[in-house]
Structures are given as C-alpha cells and as structure tokens.
Amino acid sequence: MPATAFDEIYSGAVSTAGKSPVKLFGQALNGAIIATGYAEILLTRALRAYGPEEPVNFPGTAYFLPVIASLSGEKVTRLGELPPILNRMRHQLKEELNFSNALLCGEATAYAAEIIEALRYLRGAAQHVPPWTGFLSDPLLRKFGIQLVDWTIPGQAIIMGRARSGADAVRIVRELQAKGMMIFLVNEVIEQLLEQNMKLGVDYIAFPLGNFTQVIHAVNYALRAGMAFGGIFPGRREEHRDYQRRRVRAFVLQLGRIDDVKVATHFAAIFLGFPVICDTKLEEEIPDWYVSHPDYENIVSYALELRGIKLKTVEIPLPVNYGPAFEGETIRKGEMYAEFGGGRTPAFELVQMVREDEITDGKVTLLGPDIDQLAEGGNLPLGIVVKIFGRKMQEDFESVLERRIHYFLNYGEGLWHVAQRDLCWLRISKEARAKGFNLRHLGEILVARFKDEFPAIVDRVEVTLLTDKEKVEQMLAAARERYAFRDARLKGLTDEAVEVLYSCTLCQSFAPNHVCIVSPERVGLCGAVSWLDAKASHEIDPSGPNRPVKKSTPKDAVRGMWQEVNDYIAEASNRNIEEVNLYTLMDKPMTSCGCFEAILAIVPEANGLMVATREYTGSTPSGMSFSTLAGSVGGGLQTPGFMGIGRSYLLSRKFLKADGGLARIVWMPKELKELLGEDLRRRAEEEGLGTGFADKIADETVGTTIDEILPYLEENEHPALSLEPLF
C-alpha cells in the first residue's frame, strides 16, 4: 500500500532521526505477526464453538466494532464476517522495514486487538467488576462530550505497563488528573494504583480498562469521537486518521518492559497520530513520535509538551488535589466528615453584583463555626455569598456565575456538591478533612476560579461563608427575594423580546460543521449554554464561540426562521447547512454535534415524538436505543424527524411550536419524567393539556415498542392521536 500524504507527516520525523530505526520497525512487524496470529487462533476456536452466524458486538454502542467500522466501513455483526477482515490485515504486513509499513503493522495490530476483545464479549461473557471498565459504552462517550469539546478535558493519556513503584504510579496519575486529562489504564499499573488506595473509575475519568489487549478500548473510544462528534462517516480511513491527529489530543505513556507486541501496539497509536513516550532507554527513537523519557519528575509535562497540549492553570493553595477529574466523585455517608444543606440543614448560594466601594478583593470571611468544631459525620447550615465587582458586570450575569459554584467546588478532591440556590447540598470527605481542608478553602477556591474564568467581567471577588444558623436563615430570606426577582425577569425574556440570538460553536473543535443557535427560549443542546450564558461568554471573549446574531422580521415566525440566522449558519457550518428552523424538527431542524442531553425522534404510528436520554440504555419505541439514534443525528447532521436537545428545552414555551409542542410527546424514560416532575405538569397545564398530561406519556414501564404503548396512549386519550399528521 503506497504511503499517503498523511504518512508524510510522520516520515519527515524519521528522516530527521538520521539512521533509520530498522530494528524498531522489525519489532513492529514481529509484534503484528504475533498479534494477528493469536487473533486467528482465537477466532478459529470461536467459529468452531459457535458457528459463523453467532452475533458479535460490544455492549452499548451503535458503532459495531468501532475500529473496524471507522477505518474500513465494515459493519460487523456476525462472527463469520471476521476471517476475511483479519486475513486482509495479515496480507498488508510486509517484510520491507520502513516507516510506512510499520504504521500498517500498527493498524493490523489494532484490528487484531479489537477482534480478540470482541471474542471476549461473545454471549455477554465479559464481566467487569468496578473499577475495571473494559469497553466504554456510547453513553459514556457522550457523558464527557462537552468536556472534550470545550477542552475542560484537554487530552487523553493512555498508560500501559508497570511503573517503577506504586508511589510513582500515583504521582503520574495524580499529576495527569490535576491537569484535567482523561486517563486510560492498562496492565499492572492498575494493580499498583489500587494497592495505593487510588480512586479510579468513571467518576474520576480514569478508566482501568484491563489487561493488555483491552488497550484497544482507548482507541475505539477515540475513533467513536470522530464519528459521533466529527460527523466522519465509517470507512473514511484517512479522514479519521487526520481527525485523531489534529483533534483528539492523545498520547501513550509506556511504563516498564517493552516487547515486540507492545512495539506493534505503539505503532497502532502512532498510526492514529498519538506519540509514544517510554520510561526506559530505547536503542532507537523517532523524534516527536517514539521517544524515551526516564525522568518521572517531569514525564507528564514532557508528554503534554510533545503532544502540543498547552494548559492555562490557576494555582490555589489547597491541601487536596484540584481539577475536573474529581467532578464526578461521589462521597457516600460512610466516607463523609461533614455535610451542609440537602434538606439536613438550611443552605443557600448567592452571587451578588456590588459597587466598587462595597467589596474587598480576595477577602474570605467565615461567620460561624468551622468543621474543626464539628464531630465526624455532623452537619452545619451553610450560606455562600459571593460579591462580584466588575466594570462590565451585569445583573443578568449573577445567575450565570452562581451556577458555576457547582463546578468550581466539585473540582476539589473530597468535595461533593449538587443542586444550587437554596437546594444546594455539600459534603466534605474524611480524607479531605484529614489533609487539613476547612471551610475557608471553599472561599479561596471561589475567589481564584471566578477571577480566572471570568476575567473580562470580574475585577474583584469577596466571599462570605455563613454557618451560624441565625445568620444563615436571615440571609436565606434575602437570597430567596433575589431568586424571585431573577425568575420574574427571566419569564419576560422571550425570543420576541430580544434583538439578538447567540451562536455557540464551542463543539466545532470536535464537530466542524455543527452550529447551535441559542435563544432565550431554547437552551443549547448540551443543556449547559443558556442565552444568558452565551451573552456573558461573549462579553468575556468577543471572538469566542458565542457570537451575537442580530435578527429582524422572521421569514417564518411559526417555524422560527430568520434570514440573519441562515446567513450566519451557512458561513459557520462551512456552507454545509443553508437554512435552519428553531421551532420544528420536521423541516430543516438545527444540527446536532453529539453532546446533546436527549434526542427527539418521530413515532409515526402514534403521530407523536419520543424522547431518549443518554442515561437510558434500553430499547425505545423507535426501534433504536439512544446510542443508535445518536449515531444517526450527531456530527453536525440535519436530520428531519430527529434532533438532539437539552432536556430543559422540553419545558420551553417555544418547544416545537410548529409541530404541536408538548402535546406531541408520547414516550420518555421514567427517569426523565421524574426529573422534570412538577415543572412538566405546570407546563402541560399552561399549554391547556391538563395536570394529568404527564401520566398520559408512556415510559418503559408501559412498554418499549409501538405495539405496547399504542393501546396505552389510546386508552388515556393522548392528544397527539388527534393532532394533525406530522407528515
């Protein structure tokens, strides 16, 4: 197979290395022969045991065997389809030792590893006990989607092998976590970390995949990102390689002994644009791609530099680690030292815009007892008041900044925070307390992060923490008055009442042709960007992802089309999309990137729509799971009848206004119905559907097929059945 223009990028590095690393290329060839040979043995055994018609798949994905699907376009579903694919890979192994052939050895090794792993999952045989993960499902891919595309997760580190000691392994992983990296772990390093009581798993964005061949699950995760977010169709091999090199900022840290099969695996990484850094001395190196760096003190910073990952970090003097890796950490009751709010005690959070003479920059005040005066397992009231002064600060931004408290506090190791306003709930772990964490550190986190995250609108920050019950209750009443004032203001904030909408192109780092249009009555499909968020973001960074799109008289007020929006969309989508309607999914709907919280899909037999959420992994009346649906609508595609949305859009007064609105919803997961709760019932009543409308919506307890849910809808006289046909 001739070298492509893409391979020239790598060949240039080899030519600058002086003497060609033929021994390294020979190891890649030997390793690929061993890997494909082992895969052939296991595949032959499986065919004898189960036959060629045996289904083969990974759980929870719409991308078949993702490495094979993305690179070749072959959608493998049966065991008998694998031998010709493996034979093709074996035939591309050439004895001529050069860089291009070494890359092909890497590709063949990736195919072999995926086949070996797929065989492990036959008939659901592969079982993983947490924290081991094995294959990572599509919902997990999308769970971290927004963090991947906005570079909160700046890159991916794949750690293979065994560190020199358990303490060294912990040091490397903790530094990567502090940098916010997504981490994939393979082989003995997992045991080393667990022996050191290191917390691993999905909650920490540190995935212990398993043994050696399971490293392929890091590769298929990255390749699915190209299909899910980048809109790259299966089989476009060179586009996938280019996307991985440019946009998925991954690298491999090889710790400990290296053999031929590992070298072949390393070339699989290089084939996709991921450099390999080894902690042992190498006889041969390839500058920028296959290098040795034995010094653990700076191996992480060296790897980040080599991969071109530049981080803007803010130093906060804390006794615990701090970074996005700890956002998903759960602190259970037995691990808790103290808790605040959550119905146990009164609690609230409030951001206030103040005048220049009403604030002392950087000041943190605690009024009431600290946790060192609290017995283990106890609780206290808590009020968090953040004063903000900024020359460009606006009252409308208070709620935007207030929501950031949740993220800022959750990034602390040993801190767990949910909800906001007067529903907030905070826990501090025994481990964090033992390291010296106290309540004043909460204030220091907020001072540092608000100034770092919002430098254009925040000039000064002061934080007051209240734990005295009388003071908390007194200030809580004032906070609720402020909440009510904001809510009244937001109710008047309609699409018609504003002169500009806002774009969001944040996801274009992963989905180049996708553009969100955010309006007061339509949140971004990730659920994280409201109109006010976008407005604040534009003030912070006028050349950033959120740009004002002025609008005049609509071309179609019912469907929600404006010529100015079309003009912007056409340019921002690289001319892939010419027109967009905001209030319908049947005609030129907004595109989706892959970070959506939920998917709307037409259910024609019921003349309605269903909602699937990322959290729901079962079947749906559309005949497709969330993962399968997501594979059809993501990547910047415009797909009439299907659309990614933020969950709160279901409660909007503009929700699919042209299609009949909320009355069209005939099915949603029970978890979503419970989450929307009273808000859903209130919206239904406002729409004239009655307070009992929510109970007319079917869920998985009623059924997951149209034959199961249609009698229920008819019996309950669901309004969708009497609306005008969607088609």
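The values are calculated or read from the model by the stated rules, or taken from the named source; none is laboratory data. These figures come from a predicted structure and were not determined experimentally. Glycine gets a Cβ as well: all are built from the backbone with ideal geometry, and neighbour counts include every protein chain shown. Side chains included, ligands, DNA and RNA excluded: accessible areas come from the protein's heavy atoms. Shrake-Rupley method; radii C 1.70, N 1.55, O 1.52, S 1.80 Å.
Some notes on this structure:
- Within the span defined as the range 90-113, every residue fails to be outside any helix (DSSP H, G or I), open to solvent by 10 Å² or more (accessible area, probe 1.4 Å), touching a strand residue (DSSP E or B) at 6+ places or on another chain (Cβ under 8 Å) and not acidic (Asp, Glu).
- Pairing each residue of the range 405-421 that is within 18 Å of Lys199 (Cα to Cα) with any residue that is of a type in the set (Ser, Thr, Tyr) and open to solvent by less than 10 Å² (accessible area, probe 1.4 Å), provided the two are 6+ apart or on different chains, yields C-beta distances under 6 Å for Gly414/Ser429.
Here's the yes/no breakdown for (1) buried (at least 18 other Cβ atoms within 10 Å of the Cβ); (2) touching a residue at least 24 places away in the same chain (Cβ under 8 Å); (3) assigned to a loop (DSSP other than H, G, I, E, B):
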{"position": "Ala684", "(1), (2), (3)": "yes, no, no"}
{"position": "Thr704", "(1), (2), (3)": "yes, yes, yes"}
{"position": "Glu717", "(1), (2), (3)": "no, no, yes"}
{"position": "Leu721", "(1), (2), (3)": "no, yes, no"}
{"position": "Pro725", "(1), (2), (3)": "no, yes, yes"}
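- Considering residues of the range 149-201 that are under 30 Å from Gly544 (Cβ atoms) and assigned to a helix (DSSP H, G or I) only, the residue nearest to the chain's Cα centre (by Cα): Val149
- Of the residues Phe510, Phe485, Phe437, the single one that is closer than 21 Å to Val314 by Cβ and either surrounded by 18 or more Cβ atoms within 10 Å (Cβ to Cβ) or not basic (Lys, Arg) (or both) is Phe437.
- Residue that is exposed (fewer than 13 other Cβ atoms within 10 Å of the Cβ) and within 30 Å of Val461 (Cα to Cα), where the choices are Lys363, Lys312: Lys312
- Selection within the range 286-322 - over 18 Å from Tyr411 (Cβ atoms), under 22 Å from the mean Cα position of the chain (by Cα) and assigned to a loop (DSSP other than H, G, I, E, B): Gly308, Ile309, Lys310
- Residues of the range 232-256 that are open to solvent by less than 20 Å² (accessible area, probe 1.4 Å) and either in a helix (DSSP H, G or I) or over 24 Å from Lys310 (Cβ atoms) (or both): Ile232, His240, Arg241, Tyr243, Gln244, Leu255, Gly256.
- Restricting Lys550, Lys555 to residues that are open to solvent by 40 Å² or more (accessible area, probe 1.4 Å), at pLDDT 95 or above and touching a Phe, Trp or Tyr at 6+ places or on another chain (Cβ under 7 Å) narrows the list to Lys555.
- Subset tally (residues that are crowded, with 19+ Cβ neighbours inside 10 Å and either aromatic (Phe, Trp, Tyr) or under 16 Å from the mean Cα position of the chain (by Cα) (or both)) for the range 122-136: 2
- Meets criteria (closer than 20 Å to Gly124 by Cα and aliphatic (A, V, I, L, M)) for Ala69: no
- Residue match in the range 323-330 (condition: at pLDDT 95 or above, outside any strand (DSSP E or B) and open to solvent by 10 Å² or more (accessible area, probe 1.4 Å)): no
- Residues of the range 37-63 satisfying the condition of being open to solvent by less than 70 Å² (accessible area, probe 1.4 Å) and under 24 Å from Gly618 (Cα atoms): Glu54, Val56, Phe58, Pro59, Gly60, Thr61, Ala62, Tyr63
- Subset of the range 131-173 (residues that are under 22 Å from Gly618 (Cα atoms) and among the β-branched types (Val, Ile, Thr)): Thr133
- Flag for Ile388 being open to solvent by less than 50 Å² (accessible area, probe 1.4 Å), more than 29 Å from Ile205 (Cβ to Cβ) and not in a helix (DSSP H, G or I): yes
- The range 584-604, subset farther than 30 Å from Gln147 by Cβ and in contact with a helix residue (DSSP H, G or I) (Cβ under 7 Å, 6 or more places away or on another chain), residue surrounded by the most Cβ atoms within 10 Å (Cβ to Cβ): Val603
- Selection status of Ala157, small (Gly, Ala, Ser) and crowded, with 23+ Cβ neighbours inside 10 Å: yes
- Contacts under 6 angstrom Cβ, first residue in the range 329-346 being basic (Lys, Arg), partner surrounded by 13 or more Cβ atoms within 10 Å (Cβ to Cβ), 6 or more apart: Arg344/Asn379
- Within this structure, Tyr290 fails the test of being open to solvent by less than 20 Å² (accessible area, probe 1.4 Å) and within 30 Å of Ala511 (Cβ to Cβ).
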